[in-house]
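Before any comments, here is the structure.
The values are calculated or read from the model by the stated rules, or taken from the named source; none is laboratory data. No experiment lies behind these values; they were computed from the predicted model shown. Here the Cβ positions follow ideal geometry from the backbone for every residue, glycine too, while neighbour counts run over all protein chains shown.
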Amino acid sequence: MFNALIVEKDEETGKTQAGVKQIGEDDLPHGEVTVAVEYSTVNYKDGLCVGPGGGLVRHYPHVPGIDFAGTVEESSDDRYTPGDKVVLTGWRVGEAHWGGYAQKARVRADWLVPLPEGLTTRQAMAVGTAGLTAMLAVQALEDHGLAPGHGPVLVTGAAGGVGSVATAVLAQLGHEVAAVTGRPEQADYLEGLGATEIVARDELTEVTKKPLESEKWSGCVDAVAGAILGRVLKQMKYGTSVAAVGLAGGPAIEGALITPFILRGVNLLGIDSVMQPYDNRVRAWSRIARDLPMEKLEAMVQPATLSDLPTLGSDILKGQVRGRVVVDVNA
Ligand code: NDP
(Lines give C-alpha, C1' and ligand atoms only; values in the text may rest on other atoms or scores of the structure.)
Protein backbone atom coordinates (compact mmCIF):
# COMPACT_ATOMS: atom_id res chain seq x y z
CA MET A 1 0.00 0.00 0.00
CA PHE A 2 1.17 3.57 -0.62
CA ASN A 3 -0.02 7.16 -0.19
CA ALA A 4 -2.00 9.07 -2.80
CA LEU A 5 -3.99 12.29 -2.87
CA ILE A 6 -7.45 11.08 -3.86
CA VAL A 7 -10.14 13.47 -5.06
CA GLU A 8 -13.65 12.08 -4.61
CA LYS A 9 -16.93 13.49 -5.83
CA ASP A 10 -20.24 13.31 -4.02
CA GLU A 11 -22.60 12.46 -6.88
CA GLU A 12 -25.60 13.97 -5.07
CA THR A 13 -24.14 17.37 -4.21
CA GLY A 14 -21.54 17.43 -7.00
CA LYS A 15 -18.96 18.60 -4.43
CA THR A 16 -15.42 17.24 -4.53
CA GLN A 17 -13.13 16.54 -1.62
CA ALA A 18 -9.38 15.82 -1.65
CA GLY A 19 -7.44 13.89 0.99
CA VAL A 20 -4.39 11.64 1.40
CA LYS A 21 -5.36 7.94 1.44
CA GLN A 22 -3.67 4.55 1.13
CA ILE A 23 -4.17 2.69 -2.13
CA GLY A 24 -2.64 -0.45 -3.67
CA GLU A 25 -0.93 -1.22 -6.98
CA ASP A 26 -4.10 -2.96 -8.21
CA ASP A 27 -5.89 0.39 -8.00
CA LEU A 28 -3.51 2.01 -10.51
CA PRO A 29 -4.68 2.43 -14.11
CA HIS A 30 -3.28 0.36 -16.97
CA GLY A 31 0.03 1.33 -18.55
CA GLU A 32 3.34 -0.20 -19.57
CA VAL A 33 5.51 1.48 -16.95
CA THR A 34 5.11 1.66 -13.17
CA VAL A 35 7.09 4.51 -11.65
CA ALA A 36 8.07 5.04 -8.01
CA VAL A 37 7.26 8.74 -7.93
CA GLU A 38 9.71 10.98 -6.09
CA TYR A 39 8.51 14.52 -6.86
CA SER A 40 5.53 16.23 -8.43
CA THR A 41 4.55 19.90 -8.60
CA VAL A 42 1.62 22.32 -8.48
CA ASN A 43 0.61 23.81 -11.82
CA TYR A 44 -2.45 25.94 -12.54
CA LYS A 45 -4.26 22.90 -14.00
CA ASP A 46 -3.51 20.95 -10.81
CA GLY A 47 -5.35 23.66 -8.90
CA LEU A 48 -8.38 23.02 -11.09
CA CYS A 49 -8.12 19.21 -10.72
CA VAL A 50 -7.65 19.23 -6.93
CA GLY A 51 -10.61 21.57 -6.55
CA PRO A 52 -13.96 21.37 -8.31
CA GLY A 53 -12.38 20.04 -11.50
CA GLY A 54 -13.29 22.76 -13.95
CA GLY A 55 -14.21 20.05 -16.44
CA LEU A 56 -10.65 18.71 -16.61
CA VAL A 57 -11.12 15.56 -14.51
CA ARG A 58 -12.79 12.79 -16.48
CA HIS A 59 -13.61 10.24 -13.74
CA TYR A 60 -13.71 10.16 -9.94
CA PRO A 61 -12.12 8.99 -7.69
CA HIS A 62 -9.09 10.71 -9.18
CA VAL A 63 -5.38 11.17 -8.49
CA PRO A 64 -4.29 14.60 -9.85
CA GLY A 65 -0.74 15.71 -10.62
CA ILE A 66 -0.02 16.66 -14.23
CA ASP A 67 3.68 15.97 -13.91
CA PHE A 68 6.10 13.82 -11.93
CA ALA A 69 9.67 12.53 -11.83
CA GLY A 70 10.81 9.26 -10.34
CA THR A 71 12.37 5.82 -10.87
CA VAL A 72 11.00 3.04 -13.06
CA GLU A 73 9.89 0.10 -10.94
CA GLU A 74 8.43 -2.19 -13.63
CA SER A 75 8.26 -1.91 -17.39
CA SER A 76 6.86 -4.07 -20.18
CA ASP A 77 8.32 -1.62 -22.75
CA ASP A 78 11.87 -2.14 -24.06
CA ARG A 79 12.73 1.56 -23.73
CA TYR A 80 12.66 1.48 -19.93
CA THR A 81 14.11 -0.88 -17.34
CA PRO A 82 13.76 -0.83 -13.55
CA GLY A 83 16.04 1.79 -12.03
CA ASP A 84 15.76 4.27 -14.93
CA LYS A 85 15.03 7.85 -13.88
CA VAL A 86 12.14 9.36 -15.83
CA VAL A 87 10.06 12.54 -16.16
CA LEU A 88 6.47 12.96 -17.26
CA THR A 89 4.68 16.14 -18.29
CA GLY A 90 1.36 16.48 -20.07
CA TRP A 91 -0.60 13.88 -22.09
CA ARG A 92 -3.63 14.68 -19.88
CA VAL A 93 -2.05 12.69 -17.08
CA GLY A 94 -3.51 14.06 -13.84
CA GLU A 95 -6.69 14.90 -15.78
CA ALA A 96 -7.95 11.91 -17.80
CA HIS A 97 -5.42 9.45 -16.30
CA TRP A 98 -4.20 9.18 -12.68
CA GLY A 99 -1.20 11.43 -12.13
CA GLY A 100 1.76 12.24 -9.93
CA TYR A 101 0.14 12.97 -6.54
CA ALA A 102 0.92 9.44 -5.33
CA GLN A 103 3.95 7.41 -4.37
CA LYS A 104 3.42 5.27 -7.50
CA ALA A 105 2.06 5.97 -10.97
CA ARG A 106 1.39 3.71 -13.95
CA VAL A 107 1.52 5.30 -17.41
CA ARG A 108 2.16 4.62 -21.09
CA ALA A 109 5.84 4.45 -22.04
CA ASP A 110 5.26 7.02 -24.83
CA TRP A 111 4.42 9.67 -22.25
CA LEU A 112 7.77 9.48 -20.45
CA VAL A 113 11.16 10.95 -21.23
CA PRO A 114 14.42 9.88 -19.59
CA LEU A 115 15.52 12.25 -16.82
CA PRO A 116 17.54 14.92 -18.66
CA GLU A 117 21.27 14.65 -18.11
CA GLY A 118 22.49 17.12 -15.49
CA LEU A 119 19.16 17.34 -13.61
CA THR A 120 18.00 15.54 -10.46
CA THR A 121 14.40 14.36 -10.17
CA ARG A 122 13.79 17.24 -7.76
CA GLN A 123 15.24 19.82 -10.15
CA ALA A 124 13.20 18.36 -13.02
CA MET A 125 10.06 18.95 -11.01
CA ALA A 126 11.19 22.40 -9.88
CA VAL A 127 11.01 23.06 -13.63
CA GLY A 128 7.90 20.90 -14.21
CA THR A 129 5.22 21.53 -16.80
CA ALA A 130 5.27 25.30 -16.19
CA GLY A 131 9.03 25.49 -16.77
CA LEU A 132 8.94 23.19 -19.79
CA THR A 133 6.24 25.43 -21.27
CA ALA A 134 8.34 28.52 -20.58
CA MET A 135 11.21 26.92 -22.49
CA LEU A 136 8.92 25.90 -25.37
CA ALA A 137 7.75 29.53 -25.51
CA VAL A 138 11.31 30.87 -25.62
CA GLN A 139 12.21 28.36 -28.35
CA ALA A 140 9.16 29.42 -30.38
CA LEU A 141 10.19 33.09 -30.06
CA GLU A 142 13.74 32.20 -31.16
CA ASP A 143 12.36 30.23 -34.12
CA HIS A 144 10.58 33.47 -35.10
CA GLY A 145 13.69 35.62 -34.90
CA LEU A 146 14.10 36.61 -31.22
CA ALA A 147 17.73 37.45 -30.47
CA PRO A 148 19.36 39.47 -27.66
CA GLY A 149 20.20 43.12 -28.26
CA HIS A 150 16.91 44.30 -29.77
CA GLY A 151 15.25 45.67 -26.64
CA PRO A 152 13.43 44.17 -23.67
CA VAL A 153 11.40 40.96 -23.77
CA LEU A 154 8.20 41.19 -21.74
CA VAL A 155 7.12 38.36 -19.40
CA THR A 156 3.59 38.53 -17.95
CA GLY A 157 2.49 36.70 -14.79
CA ALA A 158 6.18 36.91 -14.00
CA ALA A 159 6.11 35.81 -10.35
CA GLY A 160 4.15 32.66 -11.25
CA GLY A 161 5.57 29.33 -12.42
CA VAL A 162 5.80 29.90 -16.19
CA GLY A 163 6.81 33.54 -15.69
CA SER A 164 9.60 32.79 -13.20
CA VAL A 165 11.26 30.21 -15.45
CA ALA A 166 10.81 32.38 -18.56
CA THR A 167 12.38 35.35 -16.76
CA ALA A 168 15.40 33.33 -15.61
CA VAL A 169 15.98 31.62 -18.98
CA LEU A 170 15.64 34.82 -21.04
CA ALA A 171 18.00 36.70 -18.69
CA GLN A 172 20.52 33.86 -18.90
CA LEU A 173 20.35 34.01 -22.70
CA GLY A 174 21.38 37.69 -22.56
CA HIS A 175 18.00 39.38 -23.01
CA GLU A 176 16.80 42.42 -21.11
CA VAL A 177 13.66 41.17 -19.34
CA ALA A 178 10.71 43.35 -18.34
CA ALA A 179 8.70 41.41 -15.75
CA VAL A 180 5.00 42.22 -15.31
CA THR A 181 3.66 41.52 -11.85
CA GLY A 182 0.62 42.40 -9.78
CA ARG A 183 2.68 41.78 -6.64
CA PRO A 184 5.11 44.70 -6.12
CA GLU A 185 6.59 42.87 -3.12
CA GLN A 186 8.01 40.29 -5.58
CA ALA A 187 10.24 42.86 -7.32
CA ASP A 188 13.41 41.73 -5.48
CA TYR A 189 12.63 38.11 -6.29
CA LEU A 190 12.17 38.91 -9.99
CA GLU A 191 15.33 41.01 -10.13
CA GLY A 192 17.14 38.07 -8.51
CA LEU A 193 15.97 35.91 -11.42
CA GLY A 194 17.43 38.45 -13.85
CA ALA A 195 14.59 40.89 -14.61
CA THR A 196 16.01 44.28 -15.63
CA GLU A 197 12.70 46.13 -15.32
CA ILE A 198 9.55 45.60 -13.22
CA VAL A 199 6.26 46.60 -14.86
CA ALA A 200 3.24 47.02 -12.56
CA ARG A 201 0.31 44.89 -13.77
CA ASP A 202 -2.01 47.93 -13.44
CA GLU A 203 -0.05 49.71 -16.18
CA LEU A 204 -1.28 47.12 -18.67
CA THR A 205 -4.81 46.30 -17.52
CA GLU A 206 -6.51 49.44 -18.83
CA VAL A 207 -8.22 48.71 -22.15
CA THR A 208 -7.52 51.53 -24.63
CA LYS A 209 -9.15 52.24 -27.96
CA LYS A 210 -5.83 53.23 -29.52
CA PRO A 211 -5.08 50.93 -32.44
CA LEU A 212 -1.33 50.99 -31.69
CA GLU A 213 1.01 52.29 -28.97
CA SER A 214 4.75 53.06 -28.90
CA GLU A 215 6.86 50.07 -29.89
CA LYS A 216 8.48 48.66 -26.74
CA TRP A 217 8.99 44.91 -26.66
CA SER A 218 11.20 42.66 -28.79
CA GLY A 219 9.25 39.57 -27.70
CA CYS A 220 6.79 38.45 -25.06
CA VAL A 221 6.03 35.30 -23.06
CA ASP A 222 2.42 35.78 -21.99
CA ALA A 223 0.89 33.61 -19.25
CA VAL A 224 -2.19 35.73 -18.55
CA ALA A 225 -4.05 36.76 -21.78
CA GLY A 226 -7.10 38.96 -20.98
CA ALA A 227 -6.81 42.75 -21.06
CA ILE A 228 -3.02 42.60 -20.64
CA LEU A 229 -2.44 40.63 -23.84
CA GLY A 230 -4.68 43.09 -25.71
CA ARG A 231 -2.46 45.98 -24.58
CA VAL A 232 0.82 44.14 -25.10
CA LEU A 233 0.02 43.28 -28.73
CA LYS A 234 -0.23 47.02 -29.47
CA GLN A 235 3.19 47.68 -27.88
CA MET A 236 5.17 45.01 -29.75
CA LYS A 237 7.98 46.12 -32.05
CA TYR A 238 7.61 45.57 -35.79
CA GLY A 239 7.94 41.90 -36.83
CA THR A 240 8.18 40.49 -33.29
CA SER A 241 6.23 37.68 -31.62
CA VAL A 242 4.17 36.95 -28.53
CA ALA A 243 4.23 33.36 -27.26
CA ALA A 244 0.89 32.90 -25.47
CA VAL A 245 0.84 30.01 -23.02
CA GLY A 246 -2.01 30.63 -20.59
CA LEU A 247 -4.97 32.63 -19.42
CA ALA A 248 -4.48 33.31 -15.72
CA GLY A 249 -5.96 36.78 -16.37
CA GLY A 250 -8.98 35.59 -18.38
CA PRO A 251 -9.70 33.80 -21.65
CA ALA A 252 -10.54 36.77 -23.88
CA ILE A 253 -8.00 39.02 -25.60
CA GLU A 254 -9.75 42.21 -24.59
CA GLY A 255 -9.53 45.33 -26.67
CA ALA A 256 -7.25 43.71 -29.23
CA LEU A 257 -7.59 45.06 -32.74
CA ILE A 258 -6.29 43.54 -35.92
CA THR A 259 -3.93 46.50 -36.36
CA PRO A 260 -0.79 45.04 -34.66
CA PHE A 261 -0.96 42.02 -36.97
CA ILE A 262 -1.42 44.04 -40.15
CA LEU A 263 0.65 47.17 -39.56
CA ARG A 264 3.39 45.72 -37.39
CA GLY A 265 3.52 42.13 -38.61
CA VAL A 266 3.21 40.87 -35.03
CA ASN A 267 2.94 37.08 -34.61
CA LEU A 268 0.80 35.47 -31.93
CA LEU A 269 2.19 32.01 -31.25
CA GLY A 270 0.09 29.57 -29.22
CA ILE A 271 2.14 27.21 -27.05
CA ASP A 272 0.75 23.98 -25.61
CA SER A 273 2.97 21.57 -23.73
CA VAL A 274 0.36 18.80 -23.51
CA MET A 275 0.81 16.78 -26.72
CA GLN A 276 4.39 17.81 -27.52
CA PRO A 277 6.09 14.99 -29.43
CA TYR A 278 8.97 13.13 -27.82
CA ASP A 279 11.73 14.91 -29.80
CA ASN A 280 10.45 18.39 -28.84
CA ARG A 281 10.27 17.41 -25.18
CA VAL A 282 13.81 16.02 -25.19
CA ARG A 283 15.10 19.16 -26.99
CA ALA A 284 13.35 21.48 -24.54
CA TRP A 285 14.57 19.52 -21.50
CA SER A 286 18.16 19.57 -22.72
CA ARG A 287 17.91 23.34 -23.27
CA ILE A 288 16.58 23.69 -19.71
CA ALA A 289 19.52 21.72 -18.31
CA ARG A 290 21.85 24.01 -20.32
CA ASP A 291 20.20 27.45 -20.11
CA LEU A 292 18.50 27.60 -16.70
CA PRO A 293 20.92 28.41 -13.87
CA MET A 294 20.30 25.92 -11.07
CA GLU A 295 20.79 28.51 -8.31
CA LYS A 296 17.99 30.59 -9.85
CA LEU A 297 15.80 27.50 -10.10
CA GLU A 298 16.40 26.82 -6.40
CA ALA A 299 15.36 30.41 -5.57
CA MET A 300 11.95 29.69 -7.17
CA VAL A 301 11.23 26.55 -5.14
CA GLN A 302 8.70 26.21 -2.35
CA PRO A 303 8.73 22.65 -0.87
CA ALA A 304 5.46 20.84 -0.11
CA THR A 305 3.99 17.44 0.81
CA LEU A 306 0.88 15.59 -0.41
CA SER A 307 -1.19 16.90 2.49
CA ASP A 308 -0.38 20.53 1.56
CA LEU A 309 -1.97 20.10 -1.88
CA PRO A 310 -5.61 21.02 -1.24
CA THR A 311 -4.50 24.43 0.12
CA LEU A 312 -1.85 24.99 -2.56
CA GLY A 313 -4.30 24.04 -5.32
CA SER A 314 -6.63 26.76 -4.16
CA ASP A 315 -3.75 29.28 -3.73
CA ILE A 316 -2.48 28.84 -7.30
CA LEU A 317 -5.94 29.56 -8.73
CA LYS A 318 -5.91 32.85 -6.80
CA GLY A 319 -2.49 33.77 -8.26
CA GLN A 320 -0.92 33.58 -4.79
CA VAL A 321 1.82 31.01 -5.39
CA ARG A 322 5.30 32.33 -6.12
CA GLY A 323 7.59 30.44 -8.49
CA ARG A 324 7.43 26.65 -8.38
CA VAL A 325 6.06 24.29 -5.73
CA VAL A 326 7.96 20.99 -5.48
CA VAL A 327 5.94 18.20 -3.86
CA ASP A 328 8.00 15.48 -2.14
CA VAL A 329 5.42 12.67 -2.32
CA ASN A 330 7.41 10.54 0.15
CA ALA A 331 7.70 13.21 2.87
P1 NDP B 1 0.79 30.59 -11.73
O2 NDP B 1 -0.46 30.73 -10.95
O3 NDP B 1 2.02 30.08 -11.07
O4 NDP B 1 1.16 32.00 -12.37
C5 NDP B 1 0.22 32.85 -12.97
C6 NDP B 1 0.58 34.27 -12.65
O7 NDP B 1 -0.27 35.13 -13.40
C8 NDP B 1 0.36 34.65 -11.21
O9 NDP B 1 1.42 34.29 -10.38
C10 NDP B 1 0.22 36.16 -11.33
O11 NDP B 1 1.54 36.70 -11.48
C12 NDP B 1 -0.48 36.34 -12.68
N13 NDP B 1 -1.93 36.51 -12.53
C14 NDP B 1 -2.78 35.80 -11.77
N15 NDP B 1 -4.03 36.25 -11.90
C16 NDP B 1 -3.98 37.29 -12.76
C17 NDP B 1 -4.95 38.18 -13.29
N18 NDP B 1 -6.24 38.09 -12.96
N19 NDP B 1 -4.54 39.12 -14.17
C20 NDP B 1 -3.25 39.22 -14.53
N21 NDP B 1 -2.27 38.41 -14.03
C22 NDP B 1 -2.64 37.46 -13.18
O23 NDP B 1 0.45 29.70 -13.00
P24 NDP B 1 1.46 29.10 -14.07
O25 NDP B 1 2.56 30.05 -14.30
O26 NDP B 1 1.77 27.69 -13.75
O27 NDP B 1 0.50 29.07 -15.35
C28 NDP B 1 0.12 30.31 -15.96
C29 NDP B 1 -0.88 30.03 -17.07
O30 NDP B 1 -0.27 29.20 -18.05
C31 NDP B 1 -2.15 29.29 -16.62
O32 NDP B 1 -3.25 29.77 -17.33
C33 NDP B 1 -1.83 27.86 -16.98
O34 NDP B 1 -3.00 27.09 -17.18
C35 NDP B 1 -1.06 28.04 -18.25
N36 NDP B 1 -0.15 26.96 -18.57
C37 NDP B 1 -0.18 26.51 -19.85
C38 NDP B 1 0.63 25.50 -20.24
C39 NDP B 1 0.63 25.10 -21.66
O40 NDP B 1 1.11 24.02 -22.00
N41 NDP B 1 0.17 25.95 -22.55
C42 NDP B 1 1.48 24.79 -19.27
C43 NDP B 1 1.53 25.40 -17.97
C44 NDP B 1 0.69 26.43 -17.64
P45 NDP B 1 1.96 38.08 -10.79
O46 NDP B 1 1.55 37.96 -9.36
O47 NDP B 1 3.43 38.18 -11.00
O48 NDP B 1 1.18 39.15 -11.51
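Structure notes:
- Given (1) farther than 19 Å from Ile288 by Cβ; (2) within 24 Å of the chain's Cα centre (by Cα); (3) assigned to a loop (DSSP other than H, G, I, E, B), index of the condition Cys49 fails: (3)
- Conditions (1) of a type outside the set (Asp, Glu); (2) in the same structural domain as Val221 (by TED's automatic domain parsing); (3) away from the ligand (no atom under 16 Å from the Cβ); number of the one not met by Thr133: (3)
- Output for region 231-251, where each listed residue is farther than 15 Å from Val162 by Cβ and away from the ligand (no atom under 12 Å from the Cβ): Leu233, Lys234, Gln235, Met236, Lys237, Tyr238, Gly239, Thr240, Ser241
A quick yes/no check of all residues on (1) touching a strand residue (DSSP E or B) at 6+ places or on another chain (Cβ under 8 Å); (2) more than 13 Å from the ligand (Cβ to nearest atom); (3) outside the structural domain of His144 (by TED's automatic domain parsing); (4) without any contact (Cβ under 8 Å) to a residue 12 or more places away in the chain:
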residue	(1), (2), (3), (4)
Ala171	yes, yes, no, no
Ala178	yes, no, no, no
Glu185	no, no, no, yes
Tyr189	no, no, no, no
Gly192	no, yes, no, no
Val199	yes, no, no, no
Thr205	no, no, no, no
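So that you can scan it fast, the table gives a plain yes or no per residue for (1) under 16 Å from Gln139 (Cβ atoms); (2) surrounded by 14 or more Cβ atoms within 10 Å (Cβ to Cβ); (3) in contact (Cβ under 8 Å) with a residue 40 or more places away in the chain:
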position: Gly226; (1), (2), (3): no, yes, no
position: Lys237; (1), (2), (3): no, yes, yes
position: Pro277; (1), (2), (3): yes, no, no
position: Arg322; (1), (2), (3): no, yes, yes
position: Val327; (1), (2), (3): no, yes, yes
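- Test: residue in region 69-83 that is buried (at least 22 other Cβ atoms within 10 Å of the Cβ) and of a type in the set (Ser, Thr, Tyr): no
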